[in-house]
1. If you roll a 1.4 Å probe over the chain with all protein chains in place, what percent of the accessible area is carbon or sulfur?
2. Return the sequence-ordered ³J(HN,Hα) values of segment 38-44 in whole Hz as given by the Karplus equation 6.51 cos²θ - 1.76 cosθ + 1.60 applied to θ = phi - 60°, using x for Gly and Pro.
3. Can you tell me the FRET efficiency between residue 49 and residue 2 if r is taken as the Cβ-Cβ distance and R0 is 22 Å, rounded to the nearest 0.05?
4. Using amide H atoms built in the peptide plane, which far-off residues or other-chain residues are under 5 Å from residue 48 H to H?
5. Based on the Kirkwood radius over alpha-carbon pairs, what is the Stokes-Einstein translational diffusion coefficient of the chain at 25 °C with 0.890 mPa s viscosity, in µm²/s?
6. Kindly express, to the nearest 10 degrees and within the range 0 to 90, the angle between helix 3-14's C-alpha long axis and the longest C-alpha principal axis of the chain.
7. If R0 is 30 Å, what FRET efficiency do you get for residue 42 and residue 21 from their C-beta distance, rounded to 0.05?
Amino acid sequence: MDTTSALAIHHLILAFPATVIEIEHQVDTRFLRDYDQVLKISGQQISAQASDSSQTNN
């Protein structure tokens with residue numbers, strides 16, 4: 001997905017007044033600051049977790 005489309009979808013997701021689960025295969029770190037929780041899942045396990053606007057880069 002091109003950057004413009006990804007940004008448009010990101011803004012739409014932030015507009016929802018609910019819990020949203022977003023799955024990204026190529027994480028754009030510019031968006032991470034907008035989330036309350038970020039989980040990185042490898043295989044069937046959580047390999048990294050971040051909250052309070054910190055970033056998950058592991």
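The values are calculated or read from the model by the stated rules, or taken from the named source; none is laboratory data. Quantities reported herein were computed from a predicted structural model and do not represent experimental measurements. As a convention, Cβ positions derive from the backbone with ideal geometry for all residues, glycine included, and neighbour counts pool all protein chains shown. Protein only, heavy atoms only, side chains kept; ligands, DNA and RNA dropped before computing areas. Shrake-Rupley method; radii C 1.70, N 1.55, O 1.52, S 1.80 Å.
1. Values: 2580 of 4950 Å².
Whole-percent figure for carbon plus sulfur exposure: 52.
2. 10, 10, 10, 10, 10, x, 10
3. Once rounded, the FRET efficiency stands at 0.15.
4. 40
5. Numbers: Rh = 12.4 Å.
For the chosen part, D equals 199 µm²/s.
6. Approximately 80 degrees, to the nearest ten.
7. E between residue 42 and residue 21, to the nearest 0.05, is 0.95.
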